[in-house]
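Asker: Before we start, here is the structure in question, set down as structure tokens.
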Amino acid sequence: MPRVLSAMDVKSLSYRACQLLILLIVGITPLAYVYVAGLLYFLLHGIHGRDLAYPNYPYGWKGVAFNIYTTWMLVEALWLPYHLYTFNRLRSRRQTAHAARDADERRTLLAKCLNAIGDASSIRKMIEGWFFETPIEQIRRGNVAEWAAWAFFDKEYTELNDLELEEVDEMVKETEQRIQYRLKDGYDKRVKCIRLTIDKMQMLHRPFIYYVTISIMHAIGHVFLRFLGFREASVTAKGNTTGTRQRYFYRPGSSSAKKLEDTRPIVFIHGIGIGFLHYMPLVARLPRDVDVFLLDWPHVSMRLAETVPSIEDTVSSLATILTRHNHTKACFIAHSLGTAAVSWMIHHRPDMVASTLFLDPIVFLLVHPAIAYNFVYRAPTTTTELLMHYFVSRELYIAHSLARHFNWSENVLFKEDLPKSEQHLVLLSSNDQIVPSQAVRQYLQNSNVELLWLEKTAHGALMFKQDALSVLQCKIEEACGLRA
């Protein structure tokens, strides 16, 4: 009687299949060097007395295939040193950046964070999480001070001046009071903590053909966007700090809807991945009665994009886009990392925010270590985690964007920051592998936020659930004034 595969067997098979796929991709680079070495050996062998003319050189379509393959292998051999050189340039720390500019702002931020986490037990677990689940009894005051120097100053502990050292000491004391536990004095160098923008940037090499494939997928996505009526445009932010233009896609609404005073345009910002292709099921459902703007973020779309737009440039670009098309407010929709841009708009241009829809948001409870740990530090144990680990979090340009430009204090959004006069919806997935969705759900209860909870749904899997998309479509129409 044949044995029936268990869930563990299927999981193991899918995990091994994923490992095999990654191995095949990784193996392209050493294959290229072996091929090029063999080619050089043949040429040198010919120079030392043999005829350089290859007697069995293929002609016709075989010759074309041979030339294409040889060119590909040469490109791959040259791509590795360039990729490593780029990594070496991008991994250096950028200038210190933090949303809290003075002692009062830092004290307020600490109080908000501790209040958001909750009781003493929850705060203890939060601290242990930042220290890779090290028991609180093993974490010393010096270790917490080192973490606080990063969390509230974006600095190494040794880079703090005397006044800042006093501040950190007060923060540690305040934390001890909140957790009702006196930390042991000293510093244990064996106890490591998560410090995203200071820790070493982690990257796994991938061959040039990988980026060619991604470019083809982006091209397919752009074809779909044109089919849906979108056209590409760009804008330069006022006071541009990076020297690059912000690209976006625009689809005008119907002329009849523009006559309605209460309708609002839609601005959508995608998350990490392959740009808009992953979001086509949602984009296709966006209402055609209002103007729709899709903000393009190539630096988190696995493209060769070193430039990461600053907060100031992004906010200015969004304001310029809306003003260019005669809008003063918009309904902002974003997924995952894209919700950071909505947080920036709420903090810097709340006058332009009419309503918001946060999908699998990363901006709430950023003081919780789950998002940083799950996306950057976690060793993969499941197929989904392995796919995310290699294909997303360890991709060079995404790793650079997060490890050197993701400052939690500038991205975090507390529930009291949400304008009470506007409509806000937060969609959470129960099986989210990145966002601590259950904790965020509990945190946002009893606030001016409408919660939409998706059972048995992973991060980003919303795009493949037609019933959830139908509900979301209705919510979007309400948010932009098309439905009462």
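Asker: Restricting attention to the chain, give the cysteines that have no other cysteine Cβ less than 4.7 angstrom from their Cβ.
Answerer: So, 18, 113, 193, 474.
Asker: Let me ask another. Stretched out fully, how many nm does the piece from residue 173 to residue 463 gain, at 0.36 nm a residue minus the Cα gap?
Answerer: Contour length minus the Cα-Cα distance gives 99.9 nm.
Asker: Tell me which DSSP H helices of the chain clear both cut-offs, 20 Å or more of axial length from alpha-carbon atoms and a mean Kyte-Doolittle hydropathy of at least -0.5. All intermediate terms of the calculation are to be shown ahead of the outcome.
Answerer: Numbers: long enough: 7-26 (28 Å, 1.31); 28-47 (28 Å, 1.63); 61-90 (42 Å, 0.34); 103-117 (21 Å, -0.02); 162-179 (26 Å, -1.01); 208-227 (29 Å, 1.35).
Taking the DSSP H segments of the chain (at least 20 Å long, mean hydropathy at least -0.5), we get 7-26, 28-47, 61-90, 103-117, 208-227.
Asker: Further, regarding this structure: Return the percentage of antiparallel bridges among DSSP beta bridges fully within the chain, rounded to the nearest 5 %.
Answerer: 25
Asker: State which entries of 112/173; 329/420; 173/415; 125/192 exceed 18 angstrom in Cα-Cα distance in the structure shown.
Answerer: 173/415
Asker: Hey, can you rank 412-420, 93-101, 369-377 by average C-beta count inside 10 Å, highest first?
Answerer: Final packing ranking: 369-377, 412-420, 93-101.
Asker: So for the pair residue 238, residue 105, with labels modelled 7 Å out along Cα→Cβ, what separation do we get in nm?
Answerer: In this crude label model, residue 238 to residue 105 measures out at 2.1 nm.
Asker: What is the sum of charges, Lys and Arg at +1 and Asp and Glu at -1, for the other residues whose Cβ falls under 15 Å from the Cβ of residue 296?
Answerer: Values: positive: 226, 231, 245, 247, 251, 303; negative: 232, 313.
It works out to a net charge of +4.
Asker: To continue, here is another question. For residue 467, what is the net charge nearby, where nearby means another residue's Cβ is under 14 Å from its Cβ and Lys, Arg count +1, Asp, Glu -1?
Answerer: Summing Lys and Arg as +1 and Asp and Glu as -1 gives +3.
Asker: Separate question: Tell me, what is the percent relative contact order of the chain, built from C-alpha pairs under 8 Å that lie six or more residues apart?
Answerer: 16
Asker: Taking only the Cα atoms of the range 103-179, how large is their convex hull per residue, in Å³?
Answerer: Details: hull volume 6.3 nm³, N = 77.
Value for the range 103-179: 82 Å³ per residue.
Asker: With a cut-off of at most 10 other beta carbons within 10 Å, and DSSP calling the residue loop, which GluC sites (Glu not before Pro) in the range 105-155 qualify? Please list them.
Answerer: Counting only loop positions with at most 10 other Cβ atoms within 10 Å, the GluC sites (Glu not before Pro) in the range 105-155 are 133.
Asker: Once you compute Rg and the Kirkwood Rh from C-alpha atoms, what is the Rg to Rh ratio for the range 398-484?
Answerer: Numbers: Rg = 14.9 Å, Rh = 14.9 Å.
With Rh from the inverse mean 1/r over Cα pairs, Rg/Rh is 1.00.
Asker: Along each of its three principal axes, how wide is the spread of alpha-carbon positions in the range 232-344, in whole angstrom units, largest first?
Answerer: Result for the range 232-344: principal-axis Cα extents of 42, 33, 24 Å.
Asker: Please list, or write none, the lysines whose alpha carbon is within less than 25 Å of the alpha carbon of residue 465, excluding same-chain residues fewer than 8 places away.
Answerer: Result set, ordered by chain and number: 11, 456, 475.
Asker: Still on this model: Quick check: net charge around residue 336, other residues with Cβ under 12 Å of its Cβ, Lys/Arg +1 and Asp/Glu -1?
Answerer: -2
Asker: Related question: Can you compute the FRET efficiency between residue 326 and residue 348 using 1/(1 + (r/R0)^6), with r the Cβ-Cβ distance and R0 = 25 Å? Round to the nearest 0.05.
Answerer: Using R0 = 25 Å, I get an efficiency of 0.75.
Asker: Shifting gears a bit: Would you calculate, for the chain, the mean residue ellipticity at 222 nm contributed by helices, counting each DSSP H stretch of 4 or more residues as -39,500 (n - 2.57) and dividing by all residues, to the nearest 500? It would help to have the intermediate numbers written out before the result.
Answerer: Working: 17 runs with 221 residues, N = 484.
Per the formula, -14500 deg cm²/dmol.
Where a number appears in this text, it was derived from the coordinates with a stated rule and is not lab data. On a predicted model such as this, the values are computed, not experimentally measured, just so you know. Note that each Cβ is placed from the backbone with ideal geometry, even for glycine, and that neighbours are counted across all protein chains shown.
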